[in-house]
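Heads up, the thing below is written out as structure tokens.
The values are calculated or read from the model by the stated rules, or taken from the named source; none is laboratory data. Nothing here was measured: the structure is a model prediction, and the numbers come from that model. As a convention, Cβ positions derive from the backbone with ideal geometry for all residues, glycine included, and neighbour counts pool all protein chains shown. Side chains are part of the model used for accessible areas, which takes the heavy atoms of the whole protein and leaves out ligands, DNA and RNA. Shrake-Rupley method; radii C 1.70, N 1.55, O 1.52, S 1.80 Å.
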Amino acid sequence: MKKFLTTIIVIVIIFIGIVVAGPLFVINEGEQAVIVQLGRITSVITDAGLKVKIPFIDEVVRYPKKIMAWDGEARIVPTAERQFIFVDVVARWRISDPKKFYESINTVDAAYSKLAEIIDSEVRTVVAENPLRESVRNSNIIMDRASTSDTFGLGENIDVEIISTTNQSASSHEPISRGRRQLAEEILARSRRMVPEYGIELIDIVTRQISYSAELTPSVYARMIRERNQIAQAFRSEGEGRKAEWLGRMDNDRRSILSAAYTQAQTIMGNADAQAAGIYASAYSGGDRSNFYSFWRAIESYRQTMPKFNKTLTTDMEYFRYLYNTR
């Protein structure tokens, strides 16, 4: 009886141990796993659901199936001109082959370290092979020869490409052949060739920030200030030239208007004098109209002169003919 009870107790203990060890396990969405049996991978699970394992023998190693972000530290890197800049890049990656990943790297933390080693090396190589302008610029838009519509209401287009007239350094005018985005694509292509053996897939690499080193910053700022001052002076010179041009046009227009107005005024005055002379001539030679005109002029003269005479003695005077002539 005691042996039977002992056997029952052992069986129960074994059953409880098996249950505790968990022959059943769940792979969640966004997870994948490898089943390791005594150090050897027996299967790879990439789909979610309820799974079965051999207790105490099979080990389930879980890995994320989702896309993960790698955020590297800003590294100081020399360019082709031996100018040192800080380059900060980020990348997206995922575990594409859990079996290779387990055999080569094993942990996600180790994968981050391996990515940092590979990507930083390729960043240094690509940046060092190209001039500074290729890393900091992404297009030649700054070089475009463009003109903008006149915003001052002058009725014509003003060419804003005055920068070309300034004495800027030749490097600031050199066009780029690749640019920052293409350099990032090259870094991605180089890095992709090295990561498949680790069961990793690199999705993309993006240059997040590029900044100048402390030694290079003052000279860069000084050059930028010098170039902006040259451009500003060019705009000022262009503005002064346009101002002088328009003041000259305004003065010429004013002279033309005054000359035309004077000519028109003289013409009108001449026509008025001619009409007045014609009226006078017609009045003198017009019979009764002529007599009325003489009478009117005499009366107007009397109004002006008579108040000034204190005494007038005469028996016959043509000037006063309208005063004593009854007809």
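Numbers below:
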| item | result |
| --- | --- |
| Residue order for Leu258, Leu183 - accessible surface, 1.4 angstrom probe, largest first | Leu258, Leu183 |
| Potential lengthening between Arg181 and Ser121 on full extension [0.36 nm per residue; Cα-Cα distance subtracted] | 19.8 nm |
| By accessible area with a 1.4 Å probe, ligands and nucleic acids excluded, highest first: order of Ile225, Ile95 | Ile225, Ile95 |
| With DNA, RNA and ligands ignored, accessible area of Glu59 (1.4 Å probe; Å², nearest 10) | 100 Å² |
| Calculated FRET efficiency for the pair Phe84/Asn28, C-beta based, R₀ 41 Å, to 0.05 | 0.35 |
| Two-site FRET efficiency, Asn291 against Ile268, from Cβ-Cβ distance with R₀ of 30 Å, rounded to 0.05 | 0.40 |
| Net charge, Gly199 excluded, C-beta distance under 9 Å - Lys, Arg +1, Asp, Glu -1 | -2 |
| Solvent-accessible surface (1.4 angstrom probe) belonging to Phe295, in square angstrom, nearest 10 | 80 Å² |
| Neighbourhood charge, 12 Å Cβ-Cβ cut-off, centred on Ile176 and excluding it, Lys, Arg +1 and Asp, Glu -1 | +3 |
| Stretchable slack from Ala128 to Ser43, in nm (0.36 nm times residue separation minus alpha-carbon distance) | 26.2 nm |
| Positive minus negative residues near Ala74 (Lys, Arg vs Asp, Glu; Cβ under 11 Å) | -2 |
| Segment Tyr302-Ala110, extension gain: residue separation times 0.36 nm, minus the distance between their alpha carbons | 56.3 nm |
